[in-house]
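Take a look at the following structure, please.
The values are calculated or read from the model by the stated rules, or taken from the named source; none is laboratory data. Keep in mind that what you see is a predicted model, and the values were worked out from it rather than measured. We place every Cβ from the backbone using ideal geometry, glycine too, and count neighbours over all the protein chains shown. Just the protein is used for accessible areas: all its heavy atoms, side chains included, with ligands, DNA and RNA removed. Shrake-Rupley method; radii C 1.70, N 1.55, O 1.52, S 1.80 Å.
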Amino acid sequence: MSNKFNGERLRQARLYRKCTINELAEALGVSKQAISQYETQNQTPEFTKMRLITEILKFPSSYFFQQDSQNIEETTTYFRALLSTNKSDRLQQNIKIRHLAIIHEILCKFIEYPKLNLPKIPHELKENLTSENIEKIALLVREYWNLGVKPINDIIHVLEKNGIITTAYPIEKEIDAYSKMIKINNNERFIVVLSTDKESAVRTNFDAAHELGHILLHDWCTDIEELSREEFKQREKEANNFAAAFLLPRQSFVREVAIFPKNLNYYVELKRKWKTSISAMIIRAFNLDIITDNQYQYLMKQIAIKKWKNPEPLDDVLLKSEPTLLKRSIDMLLDNNIFDVRTFLDELQTNNLSMEAEEVENLLNLEKGKLSNFEQCYSPVSLELRIKNR
């Protein structure tokens, strides 16, 4: 830790807590200009103000005197509800995912994670994302990952197995999920964040597949906030089409749904098997010309009459998948005495990322109290991880 105040860290902490310059200035009893000077000119607040800053923003004082030791290049972030999400929410989530990426990079010193394993999408398909080409891409991905054309029992496991960093924590209600690519120390990392506030297993599955669609279909250099409303909606449509094609592959889904395509109760049974929402399956059946427009409208009206939109049948039965690798990493480090909780948090500080234990728990989707009130806790191994030889 240096003795020099890092104004950029103050800005990040403020955005992390969705605190405006005006709000922080009022809480500290200083002018807006003073906050700007702290942030842009690295002016060190006096001791009493500094203590207030740590209390208000809930970051250790050392955090504000650290310089990033990681070489970080950020790209755009795909928010599913960009058009209805306010800027402060988006800024907050971008700062959170930056901190998560740094923590993951620190963990990589000790844990061998699955390497990023994405198929190369042919240029002629990616440059012309018609519905038919998206079908081909979804099938290509399934073949590359040896998934066949059967239902996917745990899509989050599939993402983690193939090197996509996945976590879940409470997100503002307007944001279903989001994804981002970060280059950190010249390593390309794709990160998917899911919301723990979404109780439905099928909603989580579709969110995860949707974000995978962005990762595979779209570029990460363009700032999506500079896209027109129509361009953004088109990318969302493409990601939705990919999610449907990936979760419900045409070859096998058509064969099954064609048995009773107009029977709403049959879709309930299919939901149990395919772990995809009834509405999504009906839309898929319509897009694949299994049902007519009139049949589609009839089924959707029946869903409304039965009040099956939210929740749907089986939403209280199907088990929700959760990310496990980050949790398992912490378990392994603690269980094998590589770290205790204190030395793990010290390791973060050594790498210029001082954070409160509760916040690390939140970002890594750990059990509450795992770090802040440590008790030995074991979780099942879902993927093979190894501690690196040191």
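Here is a yes/no grid of residues against (1) at pLDDT 95 or above; (2) under 20 Å from PHE79 (Cα atoms):
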{"position": "ILE224", "(1), (2)": "no, yes"}
{"position": "ASN240", "(1), (2)": "yes, yes"}
{"position": "GLN251", "(1), (2)": "no, no"}
{"position": "VAL254", "(1), (2)": "yes, no"}
{"position": "ASN263", "(1), (2)": "yes, no"}
{"position": "VAL268", "(1), (2)": "yes, no"}
{"position": "ARG272", "(1), (2)": "yes, no"}
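Let me confirm something: among LEU52, LEU28, which residue is over 29 Å from THR222 (Cβ atoms), touching a residue at least 12 places away in the same chain (Cβ under 8 Å) and open to solvent by less than 20 Å² (accessible area, probe 1.4 Å)?
When all the criteria are applied, what remains is LEU28.
Tell me which residues, restricted to region 1-21, are in a helix (DSSP H, G or I), out of contact with any Lys or Arg (no Cβ under 6 Å at 6 or more places or on another chain) and open to solvent by 40 Å² or more (accessible area, probe 1.4 Å).
GLU8, ARG11
Another question, if that's okay. Among the residues of region 259-317, write down those that are within 21 Å of ALA209 (Cα to Cα), among the aliphatic types (A, V, I, L, M), more than 26 Å from the chain's Cα centre (by Cα) and not in a loop (DSSP other than H, G, I, E, B).
Selection gives VAL268, LEU270, ILE282, ALA285.
Wholly within region 152-248, which strands (runs of 3 or more DSSP E) include no fewer than the required count, namely at least 2 residues that are without any contact (Cβ under 8 Å) to a residue 40 or more places away in the chain?
Those strands (runs of 3 or more DSSP E) span 187-195.
I would also like to ask the following. Looking at (1) farther than 30 Å from ALA239 by Cβ; (2) touching a helix residue (DSSP H, G or I) at 6+ places or on another chain (Cβ under 6 Å); (3) modelled with pLDDT of 95 or more; (4) not small (Gly, Ala, Ser), which one does ILE53 not meet, given that it meets all the others?
So the condition that ILE53 fails would be (2).
Which number in (1) in a helix (DSSP H, G or I); (2) open to solvent by less than 60 Å² (accessible area, probe 1.4 Å) marks the one condition that PRO114 misses?
Condition (1) is where PRO114 drops out.
What single numbered condition from (1) open to solvent by 10 Å² or more (accessible area, probe 1.4 Å); (2) among the hydroxyl-bearing types (Ser, Thr, Tyr); (3) in contact with a helix residue (DSSP H, G or I) (Cβ under 9 Å, 6 or more places away or on another chain) fails to hold for THR130?
Every condition holds for THR130 apart from (3).
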